[in-house]
Amino acid sequence: MSLIRKKIITLLKQVFPSSYTELVVFMLFLFCYGTLGTYIALHYRIIFDSRIPWDAYFSFDNKAIVMTGGSFERHPLAYYFFNWIREFSLFVSGGKMDATFRLTLAWLSNIAISLCIVQIFKYLKNIIRLPLKISLLLVLFFGFFSTAILLSFTPENFTYTLLLLSIYNYYAAVKLRKDEKIPGSALTLAGITIGGITITNLAKVFIPLLFEKGLFRSWKKFGNAAFRVILAIACFIFLYLLRIDFKYENILSKTNQQYERFSNVESIPNWDMMLSYFFGGSILFPSFMAADKHNMKGFHFKGLLMEPYSSPFCYAFVAILLTLILWSYIKNFKNKFVQVIAISFFIDIVIHCIMRFGLHTSYIYGGHFVFVYPLLLGWLFYAYRSKPVITSILMVITGILFVFLLTNNLFRMSDFFRFLETYYQ
């Protein structure tokens, strides 16, 4: 029992704030996001409206996700997770889907994103071991990403995916730093939770195993790793098939339908969708446009979508940020921690930019990958830790990017509130 208790305490210390500084970071974002989410939940019906299953803002599927967890082919086990979310919110609201119900959903999202930022801070502080001022700058920068702002009050798969990926990424980094293997139980739990909420993220769970010490030099270690992977996949497949009553033929047909639906949009050039939506929109808000929507049952409503960037400053922001990220990757190419992050990011690039799945709305997929930006920036600072001049230059550049991000995203959120005032009071 003492061993189990020790493991639980260790896990809780990794997930929740375990120092005064981490607590301050958590409380700061909890207050900021909580204020935003509380105001939206109490004054507007956009967080959850029983008449609007999807697309009220930026293609999020709030009502559909809360009620069903989403489609089984993309979110195979999310149904069970969101059953708990929904039932808890109904318990708090006394069984009514009213403002209190929306407020509970918003605060669960708020807590999730605030904890995600704590994971980013822990990684910067404990894995990269950056000075406090740089770590704080990077988490502030991340905290005002468009994805972080939107998911802080949005009950969606992406909200909890971002939290779980951040937790697992930090956990795996701790294991790699200690030259320890990731236990089969932890790998299975991560596969079921992360892959269960969004199936394409299942592959990311196994990336850290590639960098376990001596993996490819010992058949015993390689066999052990293979066993852990097979165990995790077997448990995931069993639960997946159980979820759909073992009607596995439905998976391929539904997946093909989804791919055809979300990958054949030609209205905007691919390069612009990549910059404005995938790389940019998940961080820096572009302008918005209102569109006519309906719920396929006769109810018409207004939805909000992101437009491609119209300002050269926005393109410049994205170009500078991507240059820094690429610079970090090249400079730290032999660093196993950086490779884990980069491979994870590459999976999303393949899915959305190369295969073009959902590229026209790829800003909503930021919950799968935006955490890599502050981490790769952190490794760039680490690479020049012994060169104060370059470190100072990097801090100035990051500071300028942060000021521009903050100004732009706050301005665009004012547009968002005008939309709410007009259509969702």
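The values are calculated or read from the model by the stated rules, or taken from the named source; none is laboratory data. Note that the structure is predicted; figures quoted are calculated from it, not measured. Quick reminder, even Gly has a Cβ in these numbers, built from the backbone with ideal geometry, and neighbours come from all protein chains shown.
Scan the range 109-159 for residues that are among the charged types (D, E, K, R) and more than 21 Å from THR200 (Cβ to Cβ) and jot them down.
Correct list: LYS122, LYS125, ARG129, LYS133.
Checking PHE29 against (1) surrounded by 21 or more Cβ atoms within 10 Å (Cβ to Cβ); (2) under 26 Å from ARG243 (Cα atoms), which test does it fail?
(2)
For the range 315-364, how many residues meet the condition of being assigned to a loop (DSSP other than H, G, I, E, B), more than 19 Å from VAL174 (Cα to Cα) and at pLDDT 95 or above?
Qualifying residue count, the range 315-364: 1.
For ASP49, indicate whether it is within 30 Å of SER287 (Cβ to Cβ) and out of contact with any helix residue (DSSP H, G or I) (no Cβ under 7 Å at 6 or more places or on another chain).
no
Return the pairs, sorted by first residue and then second, in which the second residue is modelled with pLDDT of 90 or more and of a type in the set (Lys, Arg), the first residue lies in the range 287-313 and is part of a loop (DSSP other than H, G, I, E, B), the beta carbons are less than 7 Å apart, and the residues are 6+ apart or on different chains.
Note: pairs meeting the criteria are ASN295/ARG51; PHE299/ARG51.
Restricting the range 70-98 to residues that are surrounded by 18 or more Cβ atoms within 10 Å (Cβ to Cβ) and among the small types (Gly, Ala, Ser), which is modelled with the highest pLDDT?
Among those that are surrounded by 18 or more Cβ atoms within 10 Å (Cβ to Cβ) and among the small types (Gly, Ala, Ser), it is SER89.
Do we have TYR329 as surrounded by fewer than 21 Cβ atoms within 10 Å (Cβ to Cβ), under 19 Å from ILE207 (Cβ atoms) and hydroxyl-bearing (Ser, Thr, Tyr) here?
So TYR329 fits the description; yes.
With (1) on the phi > 0 side of the Ramachandran plot; (2) surrounded by fewer than 18 Cβ atoms within 10 Å (Cβ to Cβ) as the list, and LEU132 as the residue in question, which single condition is left unmet?
(1)
Could you tell me whether LEU377 is modelled with pLDDT of 95 or more and either touching a Phe, Trp or Tyr at 6+ places or on another chain (Cβ under 9 Å) or not in a helix (DSSP H, G or I) (or both)?
yes
Do any helices (runs of 4 or more DSSP H) lying entirely in the range 137-234 carry at least 3 residues that are crowded, with 24+ Cβ neighbours inside 10 Å, and which ones are they?
Once the helices (runs of 4 or more DSSP H) in the range 137-234 are filtered for at least 3 residues that are crowded, with 24+ Cβ neighbours inside 10 Å, what remains is 146-151, 157-177.
Assuming GLY399 fulfils every condition listed in (1) surrounded by 20 or more Cβ atoms within 10 Å (Cβ to Cβ); (2) over 21 Å from the mean Cα position of the chain (by Cα) apart from one, which condition is it?
Looking at each condition in turn, GLY399 falls short on (1).
If we keep just the residues of the range 21-52 that are outside any loop (DSSP other than H, G, I, E, B) and hydroxyl-bearing (Ser, Thr, Tyr), which is farthest from SER146 (Cα to Cα)?
My answer is THR21.
So which residues in the range 288-308 are over 22 Å from the mean Cα position of the chain (by Cα) and surrounded by 15 or more Cβ atoms within 10 Å (Cβ to Cβ), if there are any at all?
Selection gives LYS293, ASN295, PHE301, LYS302, GLY303.
Is it fair to say SER71 is over 21 Å from the mean Cα position of the chain (by Cα) and among the small types (Gly, Ala, Ser)?
Judged against the criteria, SER71 is not a match.
Please count how many residues of the range 108-122 are of a type outside the set (Lys, Arg) and either touching a strand residue (DSSP E or B) at 6+ places or on another chain (Cβ under 8 Å) or within 16 Å of TYR20 (Cα to Cα) (or both).
7
Here is a check on your reading of the model: is ALA56 of a type in the set (A, V, I, L, M), at pLDDT 95 or above, closer than 26 Å to THR422 by Cβ and crowded, with 21+ Cβ neighbours inside 10 Å?
Taking the combined requirement at face value, the residue does not satisfy it.
Among (1) closer than 25 Å to PHE337 by Cβ; (2) touching a residue at least 12 places away in the same chain (Cβ under 8 Å); (3) part of a helix (DSSP H, G or I), where does ILE390 come up short?
With (1) closer than 25 Å to PHE337 by Cβ; (2) touching a residue at least 12 places away in the same chain (Cβ under 8 Å); (3) part of a helix (DSSP H, G or I) applied to ILE390, the lone miss is (2).
I need every pair where a residue in the range 20-43 that is over 27 Å from LEU420 (Cβ atoms) and modelled with pLDDT of 95 or more has its Cβ under 7 Å from the Cβ of a residue that is assigned to a helix (DSSP H, G or I) and of a type in the set (Lys, Arg), sequence separation at least 6 or different chains.
Close Cβ pairs satisfying both conditions: GLU22/LYS122.
Residues PHE369, PHE317, PHE419: which one is buried (at least 18 other Cβ atoms within 10 Å of the Cβ) and in contact with an Asp or Glu (Cβ under 7 Å, 6 or more places away or on another chain)?
PHE369
Filter the range 397-421 down to residues that are β-branched (Val, Ile, Thr) and in contact (Cβ under 8 Å) with a residue 40 or more places away in the chain, then give me how many there are.
Count: 2.
From ARG412, ARG385, which residue is within 24 Å of PHE337 (Cα to Cα) and surrounded by fewer than 19 Cβ atoms within 10 Å (Cβ to Cβ)?
Being within 24 Å of PHE337 (Cα to Cα) and surrounded by fewer than 19 Cβ atoms within 10 Å (Cβ to Cβ) holds for just one of ARG412, ARG385, which is ARG385.
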